[in-house]
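The values are calculated or read from the model by the stated rules, or taken from the named source; none is laboratory data. Predicted, not measured: the structure shown is a model, and the values here were computed from it. Counting neighbours? That spans all protein chains shown, and the Cβs are built from the backbone with ideal geometry, glycine included.
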Amino acid sequence: MENLAEYFSKNQHVFGLLLVAVGGFLLLAVVLDWDWILEGGNGPFNIASISKYFGRNVARILMGILSCVIIASGLAYFFLFRST
């Protein structure tokens, strides 16, 4: 674990790429309408409750927007912390 922390401290731009990959995977899951992305846990307010009260399409749109925000954050992080 210490090696991982040391790696990310030396190569901070890689964390941005990791965010882009996670956001891209979530966006792919939303576009392909994978069921597990909208299944919730036992929490009182989660994506499953949004899907239950407002419908599956609204939940998919919100998850799509969230995925795009994660991708944009990752790209910003990558370009701000990459070495020149």
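Across region 15-73, the number of residues qualifying as outside any helix (DSSP H, G or I) and not acidic (Asp, Glu) comes to 10. On the basis of being within 14 Å of the chain's Cα centre (by Cα) and free of Cβ contacts under 8 Å to residues at least 60 places away in the same chain, does Arg56 make the cut? It is false that Arg56 is within 14 Å of the chain's Cα centre (by Cα) and free of Cβ contacts under 8 Å to residues at least 60 places away in the same chain. For region 19-47, a residue qualifies if it is surrounded by 13 or more Cβ atoms within 10 Å (Cβ to Cβ) and at pLDDT below 80, and the qualifying residues are Leu38, Gly40, Asn46. Scanning region 1-16 for residues that are at pLDDT 80 or above, under 22 Å from the mean Cα position of the chain (by Cα) and surrounded by 10 or more Cβ atoms within 10 Å (Cβ to Cβ) yields a total of 7.
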